[in-house]
Amino acid sequence: MSSEGRVSAGRAMLLIMVAVIYLLIQYSAPVHGATYTVGGSAGWTFNSANWPKGKRFRAGDVLAFNYDSTVHNVVAVNAGGYSSCTTPAGAKVYQSGKEQIKLVKGQNFFICNYAGHCESGMKIAVNAV
């Protein structure tokens, strides 16, 4: 084989290696979860309980709760707190009006614990796979 043939084979191998490295870098970038605005354009408000229906959530996705913090809040609760519209001891209460909450795998429950709000449908249950 001539030296010219070896150079061409070397260049071809180099191009293949560069392409493989490029593909590895391209497809190994960290995956970021999707961000969902709770309640859509209306935001976190009454009658939000059905908002999650038809959506597929994954652990690591982010729920953006946008609301008027003078009249609402967001409370991360357990299944019992969700069903009974009560805030269990130690529950995390958010009050900024612009929460970004990352979902964990499994059931995630949120309510507004202002009097009567949860009972008026200001609660959501989200299952993240």
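Where a number appears in this text, it was derived from the coordinates with a stated rule and is not lab data. Owing to the predicted nature of the structure, the values given are computational and were not obtained by experimental measurement. We place every Cβ from the backbone using ideal geometry, glycine too, and count neighbours over all the protein chains shown.
Overview of values
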| item | result |
| --- | --- |
| Filtered residues of region 39-70 (kept if over 10 Å from Gly97 (Cβ atoms), touching a Phe, Trp or Tyr at 6+ places or on another chain (Cβ under 8 Å) and touching a residue at least 12 places away in the same chain (Cβ under 8 Å)) | Gly39, Thr45, Lys55, Phe57, Asp61, Val62, Leu63, Ala64 |
| All positions within region 44-79 that are over 16 Å from Asn113 (Cα atoms), aromatic (Phe, Trp, Tyr) and assigned to a loop (DSSP other than H, G, I, E, B) | Trp51 |
| Identity of the residue in region 49-68, among the small types (Gly, Ala, Ser) and loosely packed, with under 15 Cβ neighbours inside 10 Å, that ends up farthest from Thr87 (Cα to Cα) | Gly54 |
| Filtered residues of region 80-129 (kept if farther than 18 Å from Ala49 by Cα, part of a loop (DSSP other than H, G, I, E, B) and within 22 Å of the chain's Cα centre (by Cα)) | Ala91, Gln95, Ser96, Gly97, Val104, Lys105, Val129 |
